[in-house]
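Here is the structure we will look at.
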Amino acid sequence: MDKSQFLVWLMTNPDMSDALHLLSATEIAQRLQAGTLTSRALVDALLARYHALNKKVGAFTYLAEPDVIAQAEASDLRRKQGKALGPLDGIPVAIKDNIAVKGQPLTCSSKMLAKLISPYDAHVIEALRAAGAIIYGRLNMDEFAMGSSTENSALQKTYNPWDLARIPGGSSGGSAAALAAGLVPLALGSDTGGSIRQPASHCGVVGLKPTYGLISRYGLVAFASSLDQIGPMARSIDDCELLLNALATPDARDMTCFDKEQRTSLPPVAVNQLRIGIPRGILDKGVGQEVAAATRAAIDFYRSQGATIVEVDLPSSDLAVPTYYVVATAEASSNLARYDGVRYGHRSAQATTPVEMMTLSRSEGFGPEVKRRILLGTFVLSAGYADAYYVRALRARSKILSEHLAALEKVDVILTPTVPTPAFKAGEKISDPLQLYLEDIFTIPANLAGLPALSVPCGKSQHLPVGFHLVGAPLSEKKLFAASRVFEAAHSYRHQQAPL
Amino acid sequence: MSESTWEIVIGLEVHVQLRTRTKVFASVPWGFGEEPNEQVDPVVLGLPGTLPVVNRAAVEQAILFGLVVDATIPERCAWDRKNYFYPDNPKNYQLTQKDFPVTLGGQVEIELPGPSRNVMGEHKSIRLHHAHLEEDVGKLSHSGSGSLVDYNRAGVPLLEIVTEPDLRSATEAAAFLNALVTMLTQAGVADCDMEKGQLRCDANVSVRRLGDTQLGTRTETKNLNSISGVRDCIQYEAARQIRELEEGRKITQETRGWNAVNARGYVLRDKEDAHDYRYFPDPDIPTLKISRATVERLQKLVPERPFHRQRRYMEKLGLPYTSASVLIADKALADWFEAAVMAYPKNPSGIANWVVNDLLRDLSVVTTAVDSFSETTPIKVSLADCRIKPAQLAGLVKITDEGVISKQQAKEVFAEMFRTGQEAGDIVNAKGLRQNSDAGELEKIIQEVIADPAVAKSIAEYRAGNEKAINALKGPIMKRTQGKANPAMIDQLLRKHLG
């Protein structure tokens, strides 16, 4: 555009304010490209906001300012030389603390790994660097991604920017809180049973758990390998898709990651062609009144846009939570066995023999929820119990998968609330793990079935954000984005600002 | 103790490091003798966030082994986690194949010692249960000040070969291991260097009274790292069990260790302390499909089985047992021998004699100073460096058979050939060794020798009917021809002249 066009655009664009922290990644990309913003200026604004707010919110556990500034300046130089690497060049992406960044802490918010510096980059970090993105600080989480409130972090507390007395959700609570507080435009989370979508819902942002295999897990510290996926989190659908596109590339270092030929994504569907499945009786199951109302409003909206709404039956969904807590803990008990103080991580000073050192290091290094899950997982795999628990859970898992695939033959997406109730108060459920496990009742089936699932802000329960949840067939991410974009465009939840 | 009334039942689990450049789930190379913890990377050390990637070369080596032992190669194989804590185990679980191993069944032919060195012993077929792939662990050592761990060995591809309980003595177990090592090395699947720990063995031993059909309670002795160790351990353990039973005690199912220094076994842990490995399918490695095209391609690499070769040499080529056995033990040597036979098929036994006696003797002689060989560093010549080529040896046997040179001359030609790599014919010409077959010249010499009064007595005896007396005339004739005369021709002409 020429100068006069630019001035008109400047005056008519409501986001063109000093509030750089509220810009979407898509808008930042436009400004960087237009030359009206530098990465350095953006980073300076975000760092100022970080200094002002991070103590209050507790989202970041680590931020290397000189490194961030150097990355921003390198990006600006590339752009100046006409060598910008793409739409993400110069845009900060904050990283959940269970994704490896070379030379930075990889604590998983655990005392066990509090002093670990990663000697390598995860695949997603390599992909982001190749796209020119700025690797921007590390985000708090539940220890080893086990939890739904980020209260299991051994490092610090994180608070919901919408109500600092409440939890941000978890385990990617730092990611969701940083986005809602305007500390960063994009963030990576990881999702094993809802760890991206549940905090996204609680903090009023967008979060995608991609199809299992779409994004390499190389460099993601494993919790439950057959369920874990890294995913993009953002304040808008466009931003979420922009980030996903940079992350979803083949990687031979993860044998479960799709190769080039397997990446056959399903095309988007126009809203008047869209078939939405609602699991029968879904809103009767302990769903809060205002959450149910917001979900019904979303359904009504889609109906008004010409979408077809049908009820679907997923009879085995009731088995999802118990199935998940068998499969996930079994894998976790094995995945977390490597933290023994021998090679890295916390090493007990009390031990006199190698075996004692391993025992004491683990006893001292892990928090109570991690220990609870390791013990549970060890039990369900034990001789004499494996058939009754682990093997049965695998059968239930394949039933849940086949029921979902059958339903998704008839509909494009399955819509539910993301979480039955809005964010609860800090400390309210920490002593009641079973109650806490129900936070993931709607999100867990997508992990068990390896399906893509998206949480989209859709309203409020009093002052607290609420999201709806879309699940699609494998590789239907474009469908999920297209369907939710229609909703987002007609509502004002995009870029909603938490009242900090 | 009355061992004759007892039957010993043995099954072996043999762990073999496969011949691959890199480790089984990481792209880092492995080998013997590096500084501790040099052959590691984030995957080998099990750093958080790392994932295993199956080394296809290791899988193909395992399939090749399966084809060598006539095993079934299933359509797919899969990995499981075996969970146990030990400092040498970087992830505190070991990736192995519990339910879907890479090969199923198969058998190994073994040869038991014969009544003497020259007589072939009994052959037996030992069935295999399966073979599966797994990763080796590191090494923990204890020093005065603490414990040290080296992860160079961690992640080295291991093939665990599990037999059926078909072995009946320590001797059979040793014969099995010898046959297995021969097959593994000849197929290039593994080097089996036991000095480097490339082959380790667990022995499951039980005993029962002769005629019993039920198996007795077995013990498992872990980590035997030599064939003699396996033999000694089985003898010790069988004797121990027989003594226990004869003295009215019971055998406890237990895991045992073996002290090779004092040749005694000891209890590691009993059944109550047995590990619960909490096996479950590894979620990081998808089930691997084994295409029939891969199997067909690998089938072409399967070498002839050693005892098949032995039978062929004895039955088709007429070799004696001893020569055949020496040849089949070394694939390169047997291939060399066969190349020579191809070049001259008329006398395989003659060629075999040269190979087994002369060639092997000279190859094993430490060479100190020929041309490029350093004078200070003795070098044992390998077959690949040997200057004699198979066709050249064939040429030597041929001209000897044809009477061009005598057997005595052939030895001289062979020595020269070994030293220089020249053709037999060239050496014969250069040295003027050609056997004298000129009848005219020879007749003149014969007439002169017959005329010598010194031999008159022998001539008289021959004429009187003593056949052997003619031999006394041959020496002087050969001497006067400087050994170049053709012995057959001398014999023929002598008889003519003596009438």
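Rundown of residues vs (1) within 29 Å of residue A:160 (Cα to Cα); (2) more than 9 Å from chain B (Cβ to nearest Cβ); (3) surrounded by fewer than 18 Cβ atoms within 10 Å (Cβ to Cβ); (4) touching a helix residue (DSSP H, G or I) at 6+ places or on another chain (Cβ under 8 Å), yes/no style:
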{"residue": "A:342", "(1), (2), (3), (4)": "no, no, no, yes"}
{"residue": "A:367", "(1), (2), (3), (4)": "yes, yes, no, yes"}
{"residue": "A:390", "(1), (2), (3), (4)": "no, no, no, yes"}
{"residue": "A:424", "(1), (2), (3), (4)": "yes, yes, no, no"}
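The number of residues in the stretch A:120-177 being aromatic (Phe, Trp, Tyr) and within 15 Å of the chain's Cα centre (by Cα) comes to 1. Taken over the stretch A:263-311, the residue count meeting the criterion of being assigned to a strand (DSSP E or B) and in contact with a Leu (Cβ under 9 Å, 6 or more places away or on another chain) is 6.
Give the number of residues within the stretch B:89-119 that are surrounded by fewer than 22 Cβ atoms within 10 Å (Cβ to Cβ), in a strand (DSSP E or B), more than 14 Å from chain A (Cβ to nearest Cβ) and out of contact with any Ser or Thr (no Cβ under 6 Å at 6 or more places or on another chain). Number of matching residues: 1. Give the number of residues within the stretch B:281-339 that are of a type in the set (D, E, K, R), over 22 Å from residue B:122 (Cβ atoms), out of contact with any Phe, Trp or Tyr (no Cβ under 8 Å at 6 or more places or on another chain) and touching a residue at least 60 places away in the same chain (Cβ under 8 Å). The total comes to 3. Each residue in the stretch B:387-414 was checked for being free of Cβ contacts under 8 Å to residues at least 40 places away in the same chain, in a helix (DSSP H, G or I) and either outside the structural domain of residue B:364 (by TED's automatic domain parsing) or farther than 19 Å from residue B:487 by Cβ (or both), and 1 pass.
Suppose the filter is away from chain A (no Cβ under 14 Å), assigned to a strand (DSSP E or B) and either in contact (Cβ under 8 Å) with a residue 40 or more places away in the chain or crowded, with 21+ Cβ neighbours inside 10 Å (or both); does residue B:8 pass it? Here the answer is yes, as residue B:8 does meet what is asked.
On the given criteria, is residue B:22 surrounded by 22 or more Cβ atoms within 10 Å (Cβ to Cβ) and without any contact (Cβ under 8 Å) to a residue 60 or more places away in the chain? No; evaluated as a whole, the condition is false for this residue. The set of residues from the stretch A:225-240 being within 14 Å of chain B (Cβ to nearest Cβ), part of a strand (DSSP E or B) and not aliphatic (A, V, I, L, M) comprises just one member, A:229.
Does any residue in the stretch A:242-271 that is under 27 Å from residue A:91 (Cα atoms) and within 14 Å of chain B (Cβ to nearest Cβ) come within less than 6 Å, Cβ to Cβ, of a residue that is assigned to a loop (DSSP other than H, G, I, E, B) and acidic (Asp, Glu) six or more places away or on a different chain, and which pairs are these? If the second residue must be assigned to a loop (DSSP other than H, G, I, E, B) and acidic (Asp, Glu), the pairs left are A:250/A:259; A:257/A:251.
Within the stretch A:100-134, the set of residues being in a loop (DSSP other than H, G, I, E, B), away from chain B (no Cβ under 11 Å) and surrounded by 24 or more Cβ atoms within 10 Å (Cβ to Cβ) comprises A:109, A:133. Evaluated against (1) assigned to a helix (DSSP H, G or I); (2) among the hydrophobic types (A, V, I, L, M, F, W, C); (3) at pLDDT 90 or above, residue B:384 falls short on exactly one condition, (3).
Considering the conditions (1) touching a helix residue (DSSP H, G or I) at 6+ places or on another chain (Cβ under 6 Å); (2) within 14 Å of chain B (Cβ to nearest Cβ), residue A:172 is excluded by exactly one of them, (2). Go through (1) among the small types (Gly, Ala, Ser); (2) closer than 25 Å to residue B:148 by Cβ; (3) within 13 Å of another protein chain (Cβ to nearest Cβ) one by one and return the number of the condition residue A:334 breaks. Here residue A:334 meets the rest and fails (2). Taken across the stretch B:62-70, residues that are in a loop (DSSP other than H, G, I, E, B) and at pLDDT 95 or above do occur, with at least one present.
Of all residues in the stretch A:369-385, exactly one satisfies the criterion of being away from chain B (no Cβ under 13 Å) and touching an Asp or Glu at 6+ places or on another chain (Cβ under 6 Å), namely A:370. Of all residues in the stretch B:107-120, those that are touching a strand residue (DSSP E or B) at 6+ places or on another chain (Cβ under 6 Å) and either without any contact (Cβ under 8 Å) to a residue 60 or more places away in the chain or polar (S, T, N, Q) (or both) total 1. Going by the conditions given, is residue A:222 of a type in the set (A, V, I, L, M, F, W, C), surrounded by fewer than 16 Cβ atoms within 10 Å (Cβ to Cβ) and within 14 Å of another protein chain (Cβ to nearest Cβ)? No: the conditions fail for residue A:222. Being out of contact with any Pro (no Cβ under 6 Å at 6 or more places or on another chain), without any contact (Cβ under 8 Å) to a residue 40 or more places away in the chain, more than 14 Å from chain B (Cβ to nearest Cβ) and of a type in the set (S, T, N, Q) is true of residue A:304. Tallying residues that are among the charged types (D, E, K, R), outside any loop (DSSP other than H, G, I, E, B) and free of Cβ contacts under 8 Å to residues at least 40 places away in the same chain within the stretch B:121-170 yields 1. The residues listed here are B:480, B:463; of these, the one that is touching a helix residue (DSSP H, G or I) at 6+ places or on another chain (Cβ under 9 Å) and closer than 29 Å to residue B:410 by Cβ is B:480. Determine whether residue A:243 is buried (at least 24 other Cβ atoms within 10 Å of the Cβ) and outside any loop (DSSP other than H, G, I, E, B). Yes: the conditions hold for residue A:243.
For the stretch A:172-224, a residue qualifies if it is touching a residue at least 60 places away in the same chain (Cβ under 8 Å), under 15 Å from residue A:418 (Cβ atoms) and assigned to a loop (DSSP other than H, G, I, E, B), and the qualifying residues are A:172, A:193, A:194, A:196, A:204, A:205. Beta carbons closer than 6 Å, at least 6 apart along the sequence or on distinct chains, pair a first residue in the stretch A:417-441 that is of a type in the set (Asp, Glu) with a second that is assigned to a loop (DSSP other than H, G, I, E, B) for A:439/A:148; A:439/A:419; A:440/A:193; A:440/A:194.
One line per residue, one yes/no per condition, for (1) under 14 Å from residue B:350 (Cβ atoms); (2) of a type in the set (Lys, Arg):
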{"position": "B:389", "(1), (2)": "no, yes"}
{"position": "B:399", "(1), (2)": "yes, no"}
{"position": "B:415", "(1), (2)": "no, no"}
{"position": "B:418", "(1), (2)": "no, no"}
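In the stretch A:54-66 there is at least one residue that is assigned to a helix (DSSP H, G or I), away from chain B (no Cβ under 14 Å), out of contact with any Cys (no Cβ under 6 Å at 6 or more places or on another chain) and of a type in the set (Lys, Arg).
Residue A:45 passes every criterion in (1) surrounded by 24 or more Cβ atoms within 10 Å (Cβ to Cβ); (2) among the aliphatic types (A, V, I, L, M); (3) not in a loop (DSSP other than H, G, I, E, B) apart from (1).
The values are calculated or read from the model by the stated rules, or taken from the named source; none is laboratory data. Computed from a predicted model, the values in this text were never measured in an experiment. Note: ideal-geometry Cβ built from the backbone for every residue, glycine included; neighbour counts use all protein chains shown.
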